[in-house]
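Just so it is clear, none of the values below were taken in a lab; they were calculated from the coordinates. Just so it is clear, the model here is predicted, and its values are computed rather than measured. As a convention, Cβ positions derive from the backbone with ideal geometry for all residues, glycine included, and neighbour counts pool all protein chains shown.
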Amino acid sequence: MKVVGLTIQPLRIPFVERFQHSLKDRAASDTVVVRVQLEDGTYGYGEGLPRPYVTGETVETLVTHVSEQLWPALVDQKIFGDELLANLSELIPTSTDDGPVRAHNSARCAVEVAVVDAVLRSRAMGLHDLLPPTADSLTYSGVITAGDLESVARRARQLMRVGLSHIKVKVGLEDTVERIAAIRKELGPDSVLRIDANAAWTVDQAAEVLQALEPYNVASCEEPLAPQSWSDLAELRQRVSTPLIADESLVTASDAQQLVAHEAIDLFNIRLSKCGGIGPCLELAAYAREHGLGYQVGAHVGETALLSAVGRHFAAHLGDARFVEGSYGTLLLTEDLSRTSLRFGHQGKGTLLKGPGLGVDILEERLEGYAVGRLEFSA
Ligand SMILES: [Mg+2]
């Protein structure tokens, strides 16, 4: 099987409401959809979300990397359906960089997922065949973003009403303790509450806040310090009892090795676009297990149904992710790209996907409607 065509379409889908955290504030999702065509005419779709504050990528670097590196590496190459992920790891390996882009991971994710979707469809198979599920369903987390104390408390009540029991709160430099106290009061004692500082703190600030948060039973703290500050993270881990999760600090395989070597972390936040696609994410999960670490399956704000579907299969395949995020669909986006919604249901429940390819039907006219550019290649 050969890839004979590839289309790159950057999209801008407006958010339902403005999404804020300490590293970024935006009104629309910047995501990029890649479509590949196989020689038998089958199409497949993939998605990547280039985030300058995570991998250093932008929409422009993604487009350039796909155009100049990934498409030439794939076109007219024989793709073997039986060893699909290993085959793609050879043809389009993850690539790191010393420049402003740390890793071209969202570019690789978009292309890898598109080829996987196409090849599976061409063989009348689904991603569940490649990644057999080991769980019957998934429990997704709700997220509480920035806002005044009254609005975060209101948001906590909303999440309780829809039965969510895993809640992540974005925190920053100000009023973290009051914020968590107000939210914990609304949630009651049973909800699993965790925080994400998005690299906001120094070691001393983080230690102080996490100690002050002890009465509120915070299950984990994500990315407390500046990314890739391995020794500081290791020091913080010695000073606090709250489990620490690496997010922006876990982009490449080398990051994973540093985190382990420094004994700096308790869990990995594995996100498909951030970490380079399905193959590299499976390797990160295996590496975490091997070293006695846990993981959560995370998502990028603004993902469409394409990456929600891949995340669903991936998390169901692992079966033991501590937390699962994503599948927000039209809770965040004014419209999603799929015919049927992938949004999680009551109590955050996500059912398994069974259809061909990624298990999601993309509405081509809707994709065109939100596209802000288009680049096409053919063999
Ligand atoms: Mg995070």
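Take the Kirkwood radius over Cα pairs of the stretch 84-123, plug it into Stokes-Einstein at 37 °C and 0.692 mPa s, and you get 299 µm²/s for translational diffusion. How big, in percent, is the set of alpha carbon pairs in the chain lying more than 31 Å apart? When every Cα pair of the chain is considered, 32 percent fall beyond 31 Å. Using the Cβ-Cβ distance between residue 154 and residue 346 with R0 set to 22 Å, the FRET efficiency from 1/(1 + (r/R0)^6) comes to roughly 0.65. Of 210, 233, 220, which is farthest along the charge dipole of the stretch 129-351 in the positive direction, counting Lys and Arg as +1 and Asp and Glu as -1 at C-beta? After comparing all options, I get 220.
Counting only DSSP H runs of at least 4 residues, each contributing -39500 (n - 2.57), and dividing by the residue count of the chain, the helix-based mean residue ellipticity at 222 nm comes to -10000 deg cm²/dmol. Protection proxy ranking, highest mean first, for peptides 194-201, 241-248: 194-201, 241-248, where packing is the per-residue count of other beta-carbon atoms within 10 Å, averaged. Compared with the dominant Cα axis of the chain, that is its longest principal axis, helix 149-161 is turned about 60°.
Size estimate for the stretch 129-351 follows the Kirkwood approach: the inverse of mean 1/r over distinct Cα pairs works out to 17.7 Å. For the chain, modelled as a GNM whose springs connect Cα atoms under 10 angstrom apart, the maximal fluctuation among 40, 336, 320 occurs at 40.
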